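Here the structure comes first, spelled out in structure tokens, and everything after it is commentary.
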Amino acid sequence: MKAFLLKALVIYILINIVLGAIFLSGGGMQMLESPKVPPLPSSPSLTSDLDYFQKVVLDNEKDATTAQISGFKNVIREFPAPQTIDDLSVIALAALAQFDNAHTTVLKPKMYRLPVRFHWLGEDLIIVKATTEYASLLGQKVVGLGGVSPDKLGPRARKFVGGGTESWLKYRSETLLTSPSILAVLGATVDVDVEVEESPNAGADSSQSVALVTATLAGQEIRSTVTASASLMPSDPFWDFRDAFPDNTSFDTEGWLTLLHKGTDLPLYLQKSDQYHLLHSLPSQNAVYLRMNASFADRTETLDELQQRLERMLAEESPNNLIVDFRYNRGGDYIKVLPIVKAVVAGVPENGRLFLIVGPNTFSAGLISATQFKRYLPSQLTVVGSEVGDKLRFRAEGYYPTLPYSGIQLYLTKAWTDLEKGCGWLDDCWPPNKVLLRKVGSFPIDIRVENTWASYMAGEDKIMDWISANIQHANADR
């Protein structure tokens with residue numbers, strides 16, 4: 001008996017060793033590794049933060065090439081030593097852009113920013129939010145910033161945006177172009193007053209001003225001078241799109257005015273914009289509309305509860321058309337969204353249609369989930385909108401270090417997702433991706449439609465208008 005038990009124990013140990021080896025060879029080590037945290041400086045300062053930044057990035061950013069590491073170090077060396085937290089944010093953005101990965105960035109920069117917020121609508125950069133002092137600029141198109149047109153400044157912002165698509169770069173420029181420090185690097189003229197000493201919680205005694213030329217829809221040009229905030233203001237690359245939402249007060253903009261205001265007369269993608277998810281019946285189109293602005297639970301509803309509501313509505317109404325709006329699905333946990341993807345696919349009848357709306361903020365887990373509609377229902381899927389935010393191969397699963405003195409937070413990445421070619425068992429992908437996801441090869445936009453300056457101001461949605469017209473045309477042909 002002892003011999004049998006010993007033999008069984010040896011077999012059990014060997015099986016576990018083999019399973020452990022398979023797990024590790026399949027990239028499982030990524031799930032077990034802890035980030036490398038540099039020692040905290042004894043006397044925190046801007047200088048020590050820059051040193052900490054360099055160490056924590058080089059110790060933790062995965063799969064950087066020799067050229068990328070060299071570029072990263074060169075950026076730090078070539079920029080002047082930071083005198084303010086704003087300077088440090090600029091350096092960090094430019095340095096991390098060298099890694100050519102959209103997730104790898106400054107997650108929470110702290111910068112002096114202009115008293116307006118921008119939103120690209122087609123080729124027009126529109127002012128969608130402003131302080132009360134500059135409220136008269138709301139709804140106007142930006143013609144010039146510091147003597148340079150937005151169509152020239154936007155592409156130059158690639159200096160601060162690593163990876164992603166051209167669509168992502170355009171979106172990111174909305175925030176970057178509100179920073180006088182970044183505008184100066186991009187070639188715009190910025191007027192700066194006196195030097196300033198700064199602590200992490202102190203504001204600035206100097207001011208940065210930029211000449212702004214705008215135009216109304218009627219074509220009238222207006223010249224202004226806008227002065228940046230006297231205190232550091234936050235932003236977040238994965239949430240900055242909320243500036244374009246009606247009555248939005250995110251990122252310390254309480255008391256600011258927005259171009260649009262909450263109400264049921266707004267298109268569905270802007271209704272109840274303080275909620276991530278919206279489920280709506282469209283009986284006149286024999287359709288159900290599902291909007292997901294994130295791949296995680298809302299404050300008042302879990303994703304399981306959302307799925308149950310969706311399935312009940314589909315069972316009760318048996319719609320012929322399903323419309324899924326992922327244009328602002330900035331990511332989260334795709335594993336929790338896949339059941340909803342499958343529920344949507346199951347709800348499309350044999351002769352039905354699935355319309356998927358995407359755009360620059362279809363990103364990360366939102367992008368992953370979007371591609372799986374193509375995997376499950378390619379023949380009945382129509383992708384509408386504009387280019388998604390990221391390439392189909394990217395690094396994510398991040399680590400979020402914070403610089404000790406400034407409080408600037410970074411996003412560093414360690415695991416690959418490959419939606420183009422797929423993840424083989426021994427590929428260096430995030431292990432769950434190998435089991436749950438399938439390659440899609442490419443993810444083209446079938447119908448390219450964007451909202452315009454005029455449609456946004458009028459509270460219209462050209463994307464939904466196209467879908468509605470297409471449904472009506474298909475019904476007429478039956």
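The values are calculated or read from the model by the stated rules, or taken from the named source; none is laboratory data. Note that the structure is predicted; figures quoted are calculated from it, not measured. Ideal geometry is used to build each Cβ from the backbone, glycine not excepted, and the neighbour counts take in all protein chains shown. Protein only, heavy atoms only, side chains kept; ligands, DNA and RNA dropped before computing areas. Shrake-Rupley method; radii C 1.70, N 1.55, O 1.52, S 1.80 Å.
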Filtered residues of region 457-478 (kept if among the hydrophobic types (A, V, I, L, M, F, W, C), at pLDDT 95 or above and within 16 Å of ILE447 (Cα to Cα)): ILE463, MET464, TRP466, ILE467, ALA469, ILE471
Number of the exception - SER136 against (1) surrounded by 20 or more Cβ atoms within 10 Å (Cβ to Cβ); (2) out of contact with any Phe, Trp or Tyr (no Cβ under 9 Å at 6 or more places or on another chain): (1)
Identity of the residue in region 35-90, modelled with pLDDT of 95 or more and among the basic types (Lys, Arg), that ends up farthest from LEU114 (Cα to Cα): LYS55
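Can we say GLU397 is among the acidic types (Asp, Glu), open to solvent by 30 Å² or more (accessible area, probe 1.4 Å), in a loop (DSSP other than H, G, I, E, B) and touching a Lys or Arg at 6+ places or on another chain (Cβ under 8 Å)?
Against the criterion (among the acidic types (Asp, Glu), open to solvent by 30 Å² or more (accessible area, probe 1.4 Å), in a loop (DSSP other than H, G, I, E, B) and touching a Lys or Arg at 6+ places or on another chain (Cβ under 8 Å)), GLU397 does not qualify.
May I ask you to list the residues in region 30-68 that are free of Cβ contacts under 8 Å to residues at least 12 places away in the same chain, assigned to a helix (DSSP H, G or I) and closer than 19 Å to ALA415 by Cβ?
Of everything in region 30-68, just one residue is free of Cβ contacts under 8 Å to residues at least 12 places away in the same chain, assigned to a helix (DSSP H, G or I) and closer than 19 Å to ALA415 by Cβ, namely LEU32.
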Candidate set from region 420-449 (those that are open to solvent by 70 Å² or more (accessible area, probe 1.4 Å) and hydrophobic (A, V, I, L, M, F, W, C)); member that is farthest from LYS462 (Cα to Cα): LEU426
Hits in region 93-112 (condition: of a type in the set (A, V, I, L, M, F, W, C) and over 13 Å from LYS159 (Cβ atoms)): PHE99, ALA102, VAL106, LEU107, MET111
Qualifying residue in region 250-266 (condition: open to solvent by less than 10 Å² (accessible area, probe 1.4 Å), under 30 Å from THR132 (Cβ atoms), assigned to a loop (DSSP other than H, G, I, E, B) and touching a Phe, Trp or Tyr at 6+ places or on another chain (Cβ under 6 Å)): no
Extreme residue, most open to solvent (accessible area, probe 1.4 Å), among residues of region 301-350 that are among the polar types (S, T, N, Q) and free of Cβ contacts under 8 Å to residues at least 24 places away in the same chain: GLN308
